[in-house]
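So the structure is just underneath, and the comments pick up after that.
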Amino acid sequence: MSLSVELLAFTPEPDKVVAASARLCYSDVSACSLKEGMDERKSEKLLEHLLKSGHMSPFEHVAFTFAMDGLSRVCTHQLVRHRLASYSQQSQRYVLMGNPQVVVPPSIAEDAALRERYMEMVQKSFDTYKLLVESGVPKEDARYILPHSWETRIVVTMNARELHHFFGLRLCKRAQWEIREVARRMLALAREKAPMIFNMAGPACVVSGKCKEATSCGNPYTTVEEVLADVLDF
């Protein structure tokens, strides 16, 4: 299994929903009427104003659900730290793990000798897992021997405000490489459905032109397109 990130569902017409929600605060007509009368130019101008001014509450009215396969439990441990989200993950308590499917970090994969040693240890771990299960040990206990690199599946739902926060942290070059790649694929998918909402999404070096990390990477991104270039294959 290789990494797969797909958009499972999203709020219809998300750009218009956010724009209408924002305009409602200063209007004496319904949000439905505002949405129907919203043209693309006005929506884009309003969303740009909201993003630049930091008025993010209207972005909470639209949500995006992603189905992810082939990422490691190292990565999902980082994902679930984003608490303003919903998660459903494949359970190792109930699902019997089959032949080893693990994520191999590029720093190991590029060295044949290291990769061979890495996979040897994975296989030994899996062989022990099988022995434990076949000996009557519950799967929920046998799984303790499996490595963090074991591939998993997860469904993640975030609203647009949380996605902006997530992208700001996880698309930074100082973020861990695997979750950064997951975030890049999520942003690419979200931008297809809500280009106005996510036109200004990404790390601080792109969004505000200034790094917010205590220690900069020294090589900041300049555009969102640069952030999304050269998707990794692992």
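Every number in this text was worked out from the coordinates using simple rules, so none of it is lab data. All values derive from a computational prediction rather than experimental measurement. Cβ placement follows ideal geometry from the backbone for every residue including glycine, while neighbour counts extend to all protein chains displayed.
Per DSSP H run of n ≥ 4, the term is -39500 (n - 2.57); total these for the chain, divide by its residue number, and report the mean residue ellipticity at 222 nm rounded to 500 deg cm²/dmol. Walk me through the intermediate numbers first.
Details: 11 runs with 106 residues, N = 234.
Rounded to the nearest 500, the figure is -13000 deg cm²/dmol.
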From Cα pairs below 8 angstrom and at least 6 apart in sequence, can you work out the relative contact order of the chain, rounded to a whole percent?
26
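Can you compute the charge dipole magnitude of the range 127-230 about its Cα centre, using +1 on each Lys and Arg Cβ and -1 on each Asp and Glu Cβ, nothing else charged? Give it in debye, rounded to the nearest 20.
Numbers: 15 positive and 13 negative charges, 83 e Å.
The calculated dipole for the range 127-230 is roughly 400 debye.
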Can you tell me how the range 60-155 classifies by the Cα gyration tensor, rounded, prolate or oblate, using a/c under 1.5 as the rounded cut?
oblate
To the nearest 20 debye, what is the magnitude of the charge dipole of the chain about its Cα centre, counting +1 on the Cβ of each Lys and Arg and -1 on the Cβ of each Asp and Glu?
620
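Mind giving me the FRET efficiency for Val104 and Met200? R0 is 30 Å, r the Cβ-Cβ distance, nearest 0.05 is fine. Walk me through the numbers on the way to the answer.
Values: r = 35 Å, r/R0 = 1.15.
Computed FRET efficiency for Val104 and Met200 comes out at 0.30.
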Met121 versus Val137, label points 7 Å from Cα toward the beta carbon: distance in nm?
1.8
Cα gyration tensor, the range 65-113 - rounded (a/c under 1.5), prolate or oblate:
oblate
With a point put 7 Å past each Cα toward its Cβ, work out how far Met56 is from Thr215 in nm, to one decimal.
2.6
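To the nearest 20 debye, what charge dipole does the range 93-141 have about its Cα centre, counting +1 at the Cβ of each Lys and Arg and -1 at the Cβ of each Asp and Glu? Don't skip to the answer; put the middle values down first.
On the way: 6 positive and 8 negative charges, 25 e Å.
The calculated dipole for the range 93-141 is roughly 120 debye.
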Only Cα pairs within less than 10 Å get springs; with that Gaussian network setup on the chain, which residue of Arg41, Arg170, Arg185 has the largest fluctuation?
Arg41
When the chain is fully extended, how far beyond the present Cα-Cα distance does Glu48 get from Ser2, taking 0.36 nm per residue of separation?
13.0 nm
Can you count the Lys pairs in the chain whose Cα atoms are under 19 Å apart, with each pair 8 or more apart or on different chains?
16
Nearest-ten-degree value, helix 14-24 long axis tilted from longest Cα axis of the chain:
40
Selected from Glu162, Glu192, Glu181 as most flexible by GNM, with the chain as the system and alpha-carbon contacts under 10 Å
Glu192
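Assuming a ≥ b ≥ c are the square roots of the Cα gyration tensor eigenvalues, decide whether the chain counts as rounded (a/c under 1.5), prolate (otherwise, with a/b larger than b/c) or oblate.
On the way: a/c = 3.13, a/b = 1.87, b/c = 1.68.
Prolate.
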Most fluctuating residue of Thr215, Thr76, Thr11 in a GNM of the chain with Cα springs under 10 Å: which is it?
Thr215
Note the angle between two axes, namely the Cα long axis of helix 40-53 and the longest principal axis of the Cα atoms of the chain, as a number of degrees from 0 to 90, rounded to the nearest 10.
70
